[in-house]
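Here's the structure we're looking at; comments come further down.
The values are calculated or read from the model by the stated rules, or taken from the named source; none is laboratory data. Only a predicted model underlies this, so the values are computations on that prediction, with no experimental measurement involved. We place every Cβ from the backbone using ideal geometry, glycine too, and count neighbours over all the protein chains shown. What goes into the accessible areas is simple: the full protein's heavy atoms, side chains included, and nothing from ligands, DNA or RNA. Shrake-Rupley method; radii C 1.70, N 1.55, O 1.52, S 1.80 Å.
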Amino acid sequence: MAKKKRMKDLTLWERIYLPEVAKGLSITLQNMFRPAFTMEYPEVKFMPQGSYRGRPVLVLEEHGGERCVACGLCSRVCPALAIEIQAGETDREKERYPEKFEINMLRCIFCGLCEEVCPEEAIVMSKDYELAFTKREDAIYGKDKLLVPVAELQDRIEFLRSFK
Amino acid sequence: MDMFTLFAVKLIQVLIIAQVMLLTVSYLVYFERKISAWAQSRVGPNRVGPAGLLQPFADVLKLLLKEDIMPEKANKLVHIIAPIIALFVAFTTYAVIPIGPDITLFGLNIPLSVAPEIDMGILYVLALTSIGVYAITFSGWSSGSKYSLLGGIRSSAQMISYEISMGFAIAGVLLMAGSTLPTKIVELQSGWMWNAIVQPIGFIVFVVSAFAETNRLPFDLPEAEPELVGGFHTEYSSMKFAGFFLAEYANMIIASALIVTLYLGGWQIPYIETLGWAPEIVIPLQIGAFAFKLGALLFFFIWVRWSLPRFRYDQLMDLGWKVMFPLSLINIVWVAAIIMIFGIK
Amino acid sequence: MGKIVLDGNEVDFKQGQTIIEAAKDAGVEIPHFCWHPSLSVSGNCRVCLVEVEKMPKLAIACATQASEGMVVNTNSGKALEARRAVMEFLLINHPLDCPICDEAGECKLQDYTYDHSIGESRFTETKTNKDKRVQLGPHVMFDGDRCISCSRCIRFCDEIAGETELTFVKRGDRVTITTFPGKELDNPYSLNVVDICPVGALTSRDARFRARVWDMSHTNTICNGCSRGCNTEMWVRSNEIVRLVPRFNPDVNSYWMCDNGRLNTFRFVNAESRVDGPHVRREGKLTKVTWDEALGSISSEIKGINGKEIAFIGSPFATIEDNYILSKLAKSLHSKNIDMPEYIIPGSADDILIREDKTPNSTGAKLAGVVPQKDGLNLDGIMKAVKEKKIRVLFVMEEDIALLKPEYAEALKTIEFLFVMASNFNSTTEFANVVLPAATYAEKNGTWMNFQKRLQRIRPAVTTLDMDRSLDGLEMSRLDKFGTKWDRWGNYKKYDARPSWRILVELAGLMGDKMKFRMAEEVFDDAAKHIEELHGVTYDEIGESGFELTKKAVKV
């Protein structure tokens, strides 16, 4: 890093300031002729990488059931208390499943702690960033909205495994 | 010219200038956003109309439809008067600025300025811009908010400080011209005898002071967002806010027009008279030259805003009193010396 | 009495105590799975191994008697190494299914794994598979994989419940627990094995998967199932009672409680039939009205009626405070007709915990003054008088008298004005002119007195409409602390109900007898002032574990 310059360290040329002004102006002028970085959103959409933390979703296995066993760790670790779970009993091999699994997207801060703590790799952060609602009630996502087939989440799952 | 014709002509002139001003102001906002976008590798407004060209109308409509909020602790009368003063000053100043030489239309000799006969000329501009300080001070004080008050106080201190160097810089120009009439000042800058070239120190002092007077970056301390929320106009909304907004950009145009008139030869195109063209060709070219110079200066104003950081308040005052003021004095001595050596033209 | 040296400190022990007991008395916990203070020593989990000087090998603290001058080290290198080895052995076949297991959060094996294990296993072979989801009895589920074969449940059935139902079968790593042929785990105390199971092998079918332990609040209270008054913890989530768990009290219930008390006594709190808000009968139908309206209609009805024509029914299910205010109100209305029903089922008692008297507070209610006064009528007399229209107004507090005898129901049909304070709609409220919602025992502060004349506190665990968890000092779970009313969990059902004593105090106020009580504690202090047996007793004195009145007599 460049050494910090104090007022007394400046040369006369720098202290006149006008040349420095000209330098600054030339930089912005050059910038004006560079192409824009802007992505024109609704027409062009940002496709995130696996490292992106979009809205948290539940993994839906190929056989049609959720991976989640409703252990409640994500709900416990969630710093914003966005997750509410009611467990229930099933006949499947893992006898516990979420009867109700709700994430309040108004509370969610996309920290990804739920994903990190999950012992079953059942809740992961998706690439979905389009989250607009017009009612508070709509912001509470139930299992119908949260379950996403495992095939769509491959990127993120691979990313997570590469960091384990 | 009889009284009636004079009145009609002036009315038409006022209407044209006011409309052109308003339109320019709204497109100035558009360009401000576009230029800032370019400087930052963005696109800028591009949704309303082709290339976002209708954005100013959308902005105006939005401002019109916004709720007009009157703060509970505000002094209601002063609160309303403040933006009116700002607008009044911004538009009336334009009366003395010539955009071209006199023209002959329908047998009438028409000067291309609303009030060319005002003897005090440039002094009129100085007087009016001083009133502009009241708009900001009033708005700051009457809002009943600490941010507004601080913004207002800063603004009045800043404007008064820079008005002095501005006045002295103009004094140099007046000495040179021997007259306060803008038309005369412009006429004397024929050829390359532009005041910007003859008295470069005065030019720089005037430009810097103009930035300070219009509260543009790097001198926009009255509304310094990080520290004062919105400065003097924090508590303004809807059309009252739009008033300040308009006035700020109108002031920018006036400042640019003044710089063009006083230092950059006004409507003059150097040595065009030697070509011997007919006035029907020359005069529109000259008006075009004025518009071009004005546009270039406006671009410069915006360009500076998106390039330079804001001064700290003490730096601002240092610059005003310790640099600009002595420089303007030096400029007077310089001009006086030139006049002594070469004699008044 | 003697002394042993425990980790360098001298510690007293009583003759016959084992090291683990002596350490426990001294406040040192030696890790243990199979040892339980009320059960016999089995010594099979081996996790309590300690180093005793001059003994050639490590000794298990639960089965080694303390003797004078013994030097015991619980944290020496050898002891720690042995403990870690034992933990590793225990975890060899224990499945890693804590996310599914209901015990997670209150699991001894989980806790000890954190405290005493190195967190790694060298075991790479496949774990054994045993029967899962075995229904051992009507209330208990068994998971063979999770069992660490500590035999606590077997010993409990043998020694405490007195019915030999469970046993080990098979050997080595295939050992598992099962019921004897033709038997099932159905003794009246069967759910206690769930509490003492150190892992999640035994779970209650009732509370399984309903809530995580860390999502619930738990409140110290008393069981209302019989006059034993077992000390319990009430676990609540989203303002609903999830389970009751016994709380240790050596003088009342030790570590245990019966299945009936655990499963059935609290159901009415969350039942559909709860009275929500005051109701007044209009055009033959009970209609919801405001409190002011309902109380006003009672006071205007009673005004001018002779005390002899009014009768009061108290309740052994209500607190001393409730019954005390009822008797106070009877006195101020100059009525001597006050009584309450009894719920004694002869022969239903056993010699463990269950009592014949099925109410938690019959002694306390009598003490509080709910007994027929001189020349006053008892319950039968009151109901007869109702039939004969000698009694025109009847107050019923938290009782369903119409259900007791058919002739009572018959009599109620003819009553002029029946005022009922009830938590749930029942057969008595069908006749009532005014029904006011009474808070249940899970929603109020109060005092009960059990058959030993022992005063015990009940505390609110569930909130009603006019209560606030934090302001009223209720136990709070994490969600209660941080949820807002805009969250679903903060938006749980709250009933519009008030403690009976408060309803009566407000009513008395309307009828000119200004009683200035704002809290149950003030009512109790007033009762302690006026009732001789209670002189000098305060809520503080009762505390968490109760206060026996007979003891006070000795003390004074």
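A few remarks follow.
- For the pair C:Lys285 and C:Phe180, the difference between a 0.36 nm per residue extended length and the Cα-Cα distance amounts to 32.2 nm.
- Probe 1.4 Å - accessible area at C:His334, Å² to nearest ten: 140 Å²
- Per-residue ³J(HN,Hα) for the stretch A:131-139, Karplus 6.51 cos²θ - 1.76 cosθ + 1.60, θ = phi - 60°, Hz, x for Gly and Pro: 10, 10, 9, 10, 9, 4, 5, 5, 7
- Shape class for the protein assembly as shown, computed from the alpha carbon gyration tensor (a ≥ b ≥ c): prolate, with a/c not under 1.5 and a/b above b/c.
- Solvent-accessible area, 1.4 Å probe, carbon plus sulfur percent, for the stretch C:370-441: 52 percent
- Looking at the protein assembly as shown, the accessible area is 48 square angstrom per residue; that uses a 1.4 Å probe and ignores ligands, DNA and RNA.
- Summarised as an ellipsoid, chain B has semi-axes of 33, 25, 20 Å, derived from the eigenvalues of the Cα gyration tensor scaled by 5 and square-rooted, with the largest first.
- Rounded to 10°, Cα long-axis angle of helix B:279-305 versus longest principal axis of chain B: 40 degrees
- Anisotropy class of the stretch C:130-201 from Cα gyration tensor, a/c 1.5 cut: rounded
- Cα point-scatterer Debye curve for the stretch B:196-324, base-10 log of I(q)/I(0) at q = 0.18, 0.21 Å⁻¹: -1.04, -1.26
- Solvent-accessible ranking of A:Ser75, A:Ser26, largest area first, probe 1.4 Å: A:Ser26, A:Ser75
- Distance-filtered residues of the stretch A:124-155 - backbone nitrogen under 16 Å, label point 7 angstrom along A:Val77 Cα→Cβ: A:124-126
- Karplus-derived 3J(HN,Hα) values for the stretch B:181-197, using 6.51 cos²θ - 1.76 cosθ + 1.60 with θ = phi - 60°, are 6, x, 4, 5, 4, 5, 4, 6, 9, 5, x, 9, 7, 5, 4, 4, 8 Hz; glycine and proline are entered as x.
- Based on Cα contacts under 8 Å between residues 6+ apart, the stretch A:56-162 shows a relative contact order of 34 percent.
- Accessible area of the stretch C:123-209 belonging to carbon and sulfur atoms, whole % at 1.4 Å probe: 48 percent
- All-pairs Cα distance distribution in the stretch B:156-235, expressed in whole percent, bin size 5 Å: 3, 14, 20, 18, 14, 10, 8, 6, 5, 1
- As a length-normalised measure over Cα pairs under 8 Å and 6 or more apart, the relative contact order of chain C settles at 11 percent.
- The stretch C:350-380: trypsin sites (Lys or Arg not before Pro) in DSSP coil with no more than 11 other Cβ atoms inside 10 Å: C:Lys374
- Cross-link table C:Lys336/C:Lys358; C:Lys127/C:Lys183; A:Lys145/C:Lys493; C:Lys390/C:Lys413; B:Lys73/B:Lys146; B:Lys62/B:Lys240, entries beyond 21 Å C-alpha to C-alpha: C:Lys336/C:Lys358; C:Lys127/C:Lys183; A:Lys145/C:Lys493
- Heavy atoms of chains A and B lose about 1400 Å² of accessible surface on contact, summed over both sides with a 1.4 Å probe.
- Cα gyration tensor category, rounded, prolate or oblate, for the stretch C:174-217 with a/c compared to 1.5: prolate
- Efficiency of FRET from Cβ geometry, B:Lys66 and B:Leu275, R₀ 60 Å, rounded to 0.05: 0.70
- Residues in the stretch B:325-331 carry Karplus couplings, in order, of 5, x, 4, 5, 5, 4, 4 Hz; the curve used is 6.51 cos²θ - 1.76 cosθ + 1.60 with θ = phi - 60°, and Gly or Pro positions show x.
- Charge dipole magnitude, Cβ of K and R +1, D and E -1 - the protein assembly as shown, Cα centre, debye nearest 20: 1360 debye
- The mean sequence distance of close C-alpha pairs (under 8 Å, at least 6 residues apart), as a share of the length of chain B, puts its relative contact order at 23 percent.
- For the set B:Tyr147, C:Tyr492, B:Tyr30, the ranking by accessible area, highest first and with no ligand, DNA or RNA atoms included, is B:Tyr147, C:Tyr492, B:Tyr30 under a 1.4 Å probe.
- Solvent accessible area, Å² - C:Arg133, 1.4 Å probe, full protein context: 80 Å²
- Cα→Cβ-extended label distance, 7 Å offset, between A:Lys45 and A:Thr134, nm: 2.1 nm
- At R0 = 25 Å, FRET efficiency that the Cβ-Cβ distance of A:Ile157 and C:Arg488 yields, to 0.05: 0.30
- Stretching the chain fully between C:Ser427 and C:His535 yields a gain of 35.0 nm (0.36 nm per residue, less the alpha carbon separation).
- Take C:Lys529: with every protein chain present and a 1.4 Å probe, its accessible area is about 140 Å².
- Put the Cα centre of the stretch C:30-89 next to the Cα centre of the stretch C:187-208 and the gap is 27 Å.
- Entry for chain C at q = 0.06, 0.11 Å⁻¹: log10 I(q)/I(0) = -0.38, -1.04, Debye formula applied to identical alpha-carbon scatterers, no solvent contribution.
- Protein accessible surface hidden between C and A, which excludes ligands and nucleic acids, total in Å², probe 1.4 Å: 2200 Å²
- Distance (nanometres) between label positions extended 7 Å along Cα→Cβ at B:Lys184 and C:Lys303: 10.0 nm
- A loss of 40 Å² or more of accessible area (1.4 Å probe, protein heavy atoms, ligands and nucleic acids excluded) relative to the isolated chain is seen in these residues of the stretch A:65-96: A:Cys71, A:Arg76, A:Leu81, A:Glu84, A:Gln86, A:Glu89, A:Glu95, A:Arg96.
- Options A:Cys118, A:Phe133, A:His63, ranked by Cα towards positive dipole end of the stretch A:36-136, top entry (Cβ charges): A:Phe133
- Given A:Lys135/C:Lys481; C:Lys374/C:Lys514; C:Lys485/C:Lys514; A:Lys135/B:Lys66, the pairs whose alpha carbons are separated by over 29 Å: C:Lys485/C:Lys514
- Surface composition of chain A: carbon plus sulfur atoms hold 56% of the accessible area, using a 1.4 angstrom probe and ignoring ligands, DNA and RNA.
- FRET E, pair A:Glu20, C:Lys78, Förster distance 60 Å, beta-carbon r, rounded to 0.05: 0.20
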